[in-house]
Each structure stands twice: as structure tokens, then as C-alpha cells.
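Here the structure comes first, spelled out in C-alpha cells, and everything after it is commentary.
The values are calculated or read from the model by the stated rules, or taken from the named source; none is laboratory data. Being a predicted model, the structure only gives us computed values, none of them experimental. Neighbour counts are summed over all protein chains in view; Cβ atoms, including those assigned to glycine, are modelled from backbone coordinates with ideal geometry. Please note that ligands, DNA and RNA were not included when accessible areas were found on the heavy atoms of the full protein model with its side chains. Shrake-Rupley method; radii C 1.70, N 1.55, O 1.52, S 1.80 Å.
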Amino acid sequence: MKKKEMVAMLLAGGQGKRLKSLTKSLAKPAVYFGGTYRIIDFPLSNCTNSGIDTVGVLTQYEPLVLHSYIGVGNDWDLNRKNGGVFVLPPHERENGSSWYRGTADAIYRNLKFVDQFDPEHVLILSGDHIYKMDYNAMLQYHKERNADCTISVIDVPLEEASRFGILNTDEDLKIYEFDEKPSKPKSTLASMGVYIFKWDVLRKYLLEDGENALSSHDFGKDIIPMMVENNNSLFAYPFEGYWRDVGTVNSLWEANMDLLCDNPPLNLNDPNWRIYTRNPNQPAQYVAPGAKVSSCIVNEGCIVHGEVNHSVLFYGVEVGEGSVITDSVIMPKVKIGKNVRIHKAIISENIVIEDNMDIGIERENEDDILLIDKKSKKKKPIAAKTI
Amino acid sequence: MKQLMGVINLDHELDNLNELTYFRSGAAVPFASRYRLIDFVLSNMMRADLESVGLFVRRKYRSLMDHLGDGKSWDMNRKHGGLFILPPDWNDPTDTSLGDLQHFHNNLDFFKRASAKYVVFSGTQHITTMDIEDMYKYHLEKGADVTVVYKKVDQLQPEHDLCQRVEVDEHNNVIGIHHEKDHHNLYLDMFIMEKALFLEKVKYSIAHGESYFFRDVIQKNRHNLKIAGYEYKGYHAVINSLESYYKNSLELLEPDNYFSLFKENPVQTKIKYEAPTRYLESADVSNSLIANGCIIAGKVENSVIFRGVQVRKGARITNSVIMQKCVIDENAVIENVIMDKDVHLSKDRILVGDHRRPFVIAKSSKI
């Protein structure tokens with residue numbers, strides 16, 4: 001294999017339990033977002049747009065959708081002769097077989113994969129976040145400081161800081177302490193889970209960590225604290241821009257809603273930084289006479305007869321006459337009948353909503369987002385509309 | 001073994017869509033928000049899983065080649081067979097062939113290399129959802145030399161004037177192919193025949209100074225050949241003039257037409273990576289087809305909008321076809337217009353055409 005300056009390793013094996021039924025049969029990185037994307041499109045497109053052409057995708061939990069989605073990577077221009085995208089599920093080895101025991105372990109078990117490219121640096125990504133980022137700019141920063149490890153950070157509000165891995169740095173952003181979810185955060189620089197390591201340095205730590213039976217084999221809990229302790233040079237790379245963790249039903253909904261204002265903080269229409277995705281090749285969307293669509297994102301293949309306001313419609317969604325949809329995310333191929341009202345809900349793929357249903361109109365908690373899936377329909381029938 | 005190969009022959013298609021075909025062939029004209037005319041026949045051929053498809057094109061093929069690439073979008077980037085774009089490259093000094101026979105004579109290898117035994121010929125002006133496999137089976141059942149495809153239309157339209165007619169007896173055997181304008185069986189520019197017979201006829205007709213295969217070999221020899229008619233019954237539109245382009249574009253806004261063209265089988269086209277369309281707060285859209293990548297803040301009514309179009313606040317578009325990447329600035333008004341790609345219409349401008357005679361704006365203009 002041809003030598004590469006940097007290889008990306010994308011951790012895509014997580015389940016994302018807090019996304020409830022959305023991750024029942026697919027891994028979190030394969031969850032839909034923004035009318036046409038899956039979460040993993042963002043890191044993959046960032047790689048392509050940053051000129052990184054070699055990406056290993058580490059999969060484990062329910063990988064079928066993810067594997068077939070990534071395919072040979074042509075949608076992200078990652079079907080390359082030298083490099084390209086490689087799907088790396090756990091595999092049996094001479095001395096037995098087991099699952100990936102943690103994020104670091106997933107890389108440790110693929111040392112041979114990375115070694116093939118003899119890279120100077122390795123970029124570690126996760127498939128959990130929505131953001132646009134130039135990893136090449138981060139690499140330049142990493143090289144300028146001759147860092148062993150550079151961690152991308154974002155400034156978070158102090159009251160939220162205890163949800164993140166917090167980095168304490170000196171003035172020139174050199175990291176002297178890493179606090180994983182601290183109860184009393186000393187800084188507001190949160191790790192985005194984007195790391196660049198010198199490969200020879202990381203390799204050494206991975207070998208050590210791999211043999212350590214007491215380790216949880218996690219970058220945040222084990223590798224990075226160990227590097228800080230050993231006085232390796234670690235730097236924080238401040239990222240400015242839109243970045244969202246979409247690990248819960250509420251945060252996924254919120255990130256979708258972020259796209260709907262007239263000047264959204266995340267611009268998906270930038271021709272210089274396209275987010276690539278698999279195109280479902282649907283005919284143009286049809287907005288019928290009498291329909292009303294405003295503050296919305298609507299994908300091809302949708303047929304709208306009703307009123308859709310401040311919502312995201314994935315491809316192939318049909319909205320019947322007299323229906324009103326507000327503040328909701330409607331996933332692919334959902335068929336919504338006539339005179340349906342939907343408010344503040346996420347409707348899962350392929351669901352059929354019968355005529356005259358009310359969803360989320362009368363709710364116990366205004367802050368909770370209703371997640372409608374095949375089961376929820378059967379379990380608690382949605383009250384018929386009463387006029 | 002695949003039994004079928006295809007030929008898309010653009011030699012008979014006049015580029016008569018005015019500004020839309022100054023720099024591109026009719027086959028490459030954008031249609032229905034995100035397709036080009038050739039996508040429909042290619043998608044039909046893709047479904048029939050043809051061994052190879054040859055595209056015979058004489059001129060203005062740049063945009064077509066850009067669109068087709070290696071045929072991947074139609075699953076025609078195959079190791080063996082697949083899509084062949086065959087512009088003129090004619091170096092045989094002994095060649096005396098004329099008309100579309102030139103294409104066949106100079107590309108004999110294309111036919112001979114394929115192992116398929118039957119060839120389906122088609123143009124691109126008739127938009128259909130034709131089931132080619134069914135036609136092939138019918139051809140075999142009839143034991144015909146040639147099977148031609150026709151559509152019986154209820155109501156003749158002005159654009160049908162240019163179409164040939166297929167007269168059939170009660171067993172669907174063809175008893176005449178002609179231009180009688182009041183006849184309702186339109187010939188859809190599509191036929192199938194055995195490859196060996198086709199090659200034999202090409203050789204013979206070149207030797208006898210003929211020039212157009214369908215006219216000189218099939219139409220004129222209908223008494224010497226067993227010609228069957230295959231009646232096609234699905235969606236049909238013929239695009240052979242600006243008026244027919246405009247009319248058939250807007251007729252897709254009728255759900256029956258939209259469904260019969262798109263719902264059963266997907267139509268494939270070159271993939272673009274556009275974000276879904278954004279409707280801003282002030283958007284007011286009704287009875288329109290809209291592709292992805294648009295940002296709409298104005299009013300759009302009875303119109304067909306292609307990918308990446310921006311309609312700014314206060315702009316009004318009615319009864320129009322707006323192609324890729326046009327930008328319509330604040331308070332501009334457009335009515336009965338066909339706007340080719342990349343046009344920028346500035347603030348407050350007003351463009352109004354007639355509903356029978358739309359106003360056409362050429363590609364990349366700034367107004």
C-alpha cells in the first residue's frame with residue numbers, strides 16, 4: 001500500500017441506547033438526520049472535503065445497514081485505488097475472538113490495517129456528531145506544534161460542561177489535565193472526540209493498553225490520561241462552528257430544528273463543503289394546490305397536500321389533505337393520512353399514520369419529543385381526533 | 001445469457017427546442033425537475049437488463065457525454081457490455097453508406113461483439129415507462145421479423161403531427177406505417193428485431209444506396225417482412241417542440257401523470273449531491289414540482305423547478321419551468337417562461353410569456 005500522511009479511523013460501533021427505538025436495528029452513526037443524511041455522512045464528508053482519502057470505519061453493533069450503506073464508498077468519493085474506505089468489524093484472530101472492548105481496543109485490533117499505510121498521523125473520529133470541520137487545518141495545527149496528540153475542543157456553557165470530557169490547558173492550549181465528565185469542571189473546553197495522534201506514539205500506547213487487563217480500553221478514560229501523566233505533548237485545537245452531539249431523541253430533534261430558520265447555523269447548501277450521502281433517487285417533490293410549506297426542509301419523493309410548518313421531511317413522505325405537521329421530523333417513506341395533526345414528534349421510517357390521528361397535540365410534558373415507531377402505535381393507540 | 005442489446009439512435013431527432021437545443025441535443029434537454037430526456041429510455045433499458053447499449057449521436061454531444069459518464073447511474077458501467085457512446089469516428093475509405101446506416105456500418109463491431117441475439121432500437125423523444133422485456137417476449141410469440149411499438153392516443157395533439165402512425169389489423173400485424181395525421185396509433189420510435197437479420201439488412205441496404213434504416217428497410221418493405229405491432233399503454237409524452245416541452249412539463253403537475261411516470265419504477269439519472277430543499281418562512285408554494293437543493297422564499301405556482309434554484313423573497317413564479325441553479329432575485333416576476341440553466345434574474349424584473357408560446361431564456365444569461 002502507498003504511504004499516507006494521515007489515515008482516519010472512524011468509530012462507528014456504538015449502539016446509542018438513548019436514541020431508543022431509532023437504534024433498535026441499526027448503529028447510531030446510521031441514524032437519519034436533516035432530511036436526507038445519516039449521521040456518519042458528516043465525518044465521512046469532512047474527510048473527503050479535507051482531502052483524507054483513507055478511512056477505516058470500525059463497526060460492531062448492528063452493522064448491516066451501515067455496511068451496505070457505506071458500500072465501496074463511492075458516494076463520498078472514497079472508492080479509491082490507493083486507500084478509500086474500509087469497513088472493519090471485529091474479527092477472529094489466532095489467539096481467539098472477542099468484541100471490541102472499547103474505542104482504543106478497536107484501533108488496537110486493527111494495528112495491521114493502519115500499519116499498511118505507514119502513516120505519520122492517525123485521525124480518530126466518532127460517528128456521533130453533526131458538524132463540518134476541516135481536519136486538514138487541524139493536522140497543520142498538530143504538525144506546527146509537533147504534538148503527540150491534538151484534541152479538537154469546543155467551548156461549552158459551564159453548566160453543561162460536566163456532560164463532556166473537559167480539557168484543562170495552559171495559555172498556549174497545552175493540555176495538562178483531562179477530566180472525563182467532571183462534577184466540578186475547571187474549564188469549558190470540551191473534547192469533541194476528534195483526535196490526531198502521531199502514529200508511532202499512539203501505537204506504543206495501544207500495545208501497552210491492549211495488554212492491560214485493568215484498562216477499559218477507552219481513549220477518553222485510559223489512553224489520553226495516560227499520555228497526560230507521562231508528559232507527552234498534547235494540545236487542544238479550538239473549533240469554532242456548529243457542533244452537536246445527537247445522542248438522545250431530544251438532541252436529535254433539536255439539531256434537526258436548528259436547520260429550519262432562514263439563516264441556519266449549519267449551512268448544508270455550501271457548494272464548497274458538500275455533505276455527501278447516498279441518493280435515494282426519488283422524483284421531484286410535489287407540493288399540491290392548497291398545500292402550505294414553510295420553514296421546512298423537504299426531500300425529493302415527498303408529496304404534500306397538507307400543511308407543514310417548521311419540520312423536516314425525509315424522502316418519500318406523503319402528507320394528506322387537511323393534515324397539519326409542526327415542529328416534527330418525519331423519516332423516510334412515512335405515509336400520513338388526511339386530517340392528521342402531528343406536533344413535536346419524530347416519526348420513524350415507513351410508518352403509516354391513519355386519517356384523523358392526533359400525535360403530540362395533548363402531551364404531558366411539552367419538552368419531551370414523542371418518538372413514534374411501529375411498536376408505539378400498537379401499545380398505546382393514538383387518540384382519534386375529536387372535534 | 002442476456003438476449004437483448006439496445007441502440008439509442010439520435011439521428012432522426014431534430015434539435016428543434018430553440019434555445020434549449022442550441023448547444024445540446026434534444027436527448028440532453030432537462031425535463032421534470034431533475035432528469036434529462038434520455039434518462040427515461042435508459043431507465044427502461046436498465047430494467048430490461050440489456051447486455052449493452054450503444055448511443056449513436058452525430059453532433060452536440062458534449063452535454064450528453066457529461067451527463068452519461070460511464071453509465072454508472074443506469075448500472076451500465078459493466079466489465080462486459082454496458083453503455084457505449086458512439087459519436088462519428090469514421091475512417092473506412094471504402095465506406096459508401098448514408099444516413100443512419102453510416103452509424104451501423106461504422107460500428108459493426110459493437111453489434112458483432114455482443115452475444116445478444118436481439119436488438120431494441122429507440123429514440124429519446126417519446127417518454128414512456130415501456131416494459132422492454134414484455135415487448136421482447138411478445139416479439140418472440142408473434143414470430144415476427146420486426147416488432148414496432150405504438151401508442152393508441154385518445155386525443156391527438158399538435159406535437160403528434162410529426163409522429164409516424166402504425167396501422168394494424170385485428171391481430172396486431174402491421175399493415176401500414178405512414179404519416180396520416182388523423183390516425184391515432186402513434187409510432188413510438190422503437191422497434192426490435194433479430195441481430196442477424198438486422199446486420200443482413202444493413203449490408204443489403206448500403207449496397208443499394210439506401211440511407212435510413214427504419215424508412216428504407218422496414219417501412220418500405222412491409223410486404224416482405226413480418227411486422228408486428230406492440231401496443232404500449234402507459235404514460236406517454238412526446239417532446240419534439242418547445243410547445244410540447246412546455247405543455248408536457250406542466251402536465252406532470254397533474255397527479256395522475258406524475259404517478260404513472262414515476263411511481264411504479266424509479267427513473268434513474270446522474271446523481272447530484274444537493275441538500276434537500278429549504279422552504280423559508282415566507283415561502284408560498286402550490287401545485288409545483290421541486291427538486292432538491294433549492295432555497296425558496298418567494299411564491300411558486302404551477303411550475304417545475306429544477307435542482308439548486310433560489311427564489312428570493314417577494315419573487316413570483318407562475319406557469320414556468322426553471323432549470324438548474326437559476327437565481328430569481330427579490331420581487332422579480334416570472335410567468336409562462338422556460339428558463340434554461342444558470343440564469344440570474346435581478347430584482348424587480350418582470351418576464352411574461354404567453355401560455356401557448358412560452359418565453360425562453362437561454363442558458364447562463366443575466367437579466
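A few notes on this one:
- Residue B:240 vs. criteria out of contact with any Lys or Arg (no Cβ under 7 Å at 6 or more places or on another chain), in a loop (DSSP other than H, G, I, E, B) and more than 10 Å from chain A (Cβ to nearest Cβ): yes
- Cβ pairs under 7 Å, 6+ apart, first in segment A:269-291 and over 30 Å from residue A:51 (Cβ atoms) and touching a residue at least 12 places away in the same chain (Cβ under 8 Å), second open to solvent by less than 40 Å² (accessible area, probe 1.4 Å) and of a type in the set (Asp, Glu): A:282/A:300; A:283/A:300; A:284/A:300; A:285/A:300
- Selected residue (only one of A:3, A:28, A:17 is open to solvent by 30 Å² or more (accessible area, probe 1.4 Å) and touching a residue at least 60 places away in the same chain (Cβ under 8 Å)): A:3
- Among the residues making up segment A:282-304, those that are in contact with a Lys or Arg (Cβ under 9 Å, 6 or more places away or on another chain), hydrophobic (A, V, I, L, M, F, W, C) and at the interface with another protein chain (Cβ under 7 Å from one of its Cβ atoms) are A:284, A:296, A:297, A:298.
- Applying the set (1) surrounded by fewer than 21 Cβ atoms within 10 Å (Cβ to Cβ); (2) closer than 18 Å to residue A:330 by Cα; (3) more than 14 Å from chain B (Cβ to nearest Cβ) to residue A:212 leaves exactly one unmet item: (2).
- Residue list for segment A:238-281, restricted to those being within 14 Å of chain B (Cβ to nearest Cβ) and either open to solvent by less than 20 Å² (accessible area, probe 1.4 Å) or hydrophobic (A, V, I, L, M, F, W, C) (or both): A:256, A:257, A:259, A:260, A:261, A:266, A:268, A:273, A:275, A:277, A:281
- Among residues of segment B:25-56 being surrounded by 23 or more Cβ atoms within 10 Å (Cβ to Cβ) and among the basic types (Lys, Arg), the one that is farthest from residue B:320 (Cα to Cα) is B:36.
- Residue match in segment A:104-111 (condition: over 24 Å from residue B:271 (Cα atoms), modelled with pLDDT of 95 or more and surrounded by fewer than 21 Cβ atoms within 10 Å (Cβ to Cβ)): yes
- Condition check for residue A:178: free of Cβ contacts under 8 Å to residues at least 60 places away in the same chain, touching a Leu at 6+ places or on another chain (Cβ under 8 Å), hydrophobic (A, V, I, L, M, F, W, C) and open to solvent by 10 Å² or more (accessible area, probe 1.4 Å): yes
- Scanning segment B:67-92 for residues that are open to solvent by 70 Å² or more (accessible area, probe 1.4 Å) and part of a helix (DSSP H, G or I) yields a count of 1.
- Of all residues in segment A:305-335, exactly one satisfies the criterion of being within 9 Å of chain B (Cβ to nearest Cβ) and farther than 20 Å from residue A:370 by Cβ, namely A:315.
- Taking segment B:243-343 as the region of interest, the strands (runs of 3 or more DSSP E) fully inside it that hold 2 or more residues being open to solvent by 10 Å² or more (accessible area, probe 1.4 Å) and facing chain A (nearest Cβ under 8 Å) are B:284-286.
- Being of a type outside the set (Lys, Arg), at pLDDT 95 or above, crowded, with 18+ Cβ neighbours inside 10 Å and within 19 Å of residue A:121 (Cα to Cα) is a property that holds for residue A:235.
- Scanning segment A:178-190 for residues that are in contact with a helix residue (DSSP H, G or I) (Cβ under 7 Å, 6 or more places away or on another chain) and assigned to a strand (DSSP E or B) gives A:178, A:180, A:190.
- Residue check for residue A:319: closer than 26 Å to residue A:19 by Cβ, modelled with pLDDT of 95 or more and either among the β-branched types (Val, Ile, Thr) or open to solvent by 10 Å² or more (accessible area, probe 1.4 Å) (or both): yes
- Enumerated strands (runs of 3 or more DSSP E) restricted to segment A:68-163, each holding at least 3 residues that are farther than 26 Å from residue A:256 by Cβ and touching a Gly at 6+ places or on another chain (Cβ under 7 Å): A:84-88
- Meets criteria (free of Cβ contacts under 8 Å to residues at least 12 places away in the same chain, surrounded by fewer than 17 Cβ atoms within 10 Å (Cβ to Cβ), more than 14 Å from chain A (Cβ to nearest Cβ) and part of a helix (DSSP H, G or I)) for residue B:95: no
- Taking every residue in segment A:78-96 that is open to solvent by 80 Å² or more (accessible area, probe 1.4 Å) and pairing it with any residue that is not aromatic (Phe, Trp, Tyr), at least 6 positions away or on another chain, the pairs with Cβ-Cβ distances below 7 Å are A:80/A:53.
- Any pair with Cβ under 8 angstrom, 6 or more apart, that starts in segment A:157-170 at a residue that is in contact (Cβ under 8 Å) with a residue 12 or more places away in the chain and within 14 Å of residue A:251 (Cβ to Cβ) and ends at one that is open to solvent by 70 Å² or more (accessible area, probe 1.4 Å) and not acidic (Asp, Glu): A:163/A:181; A:164/A:181
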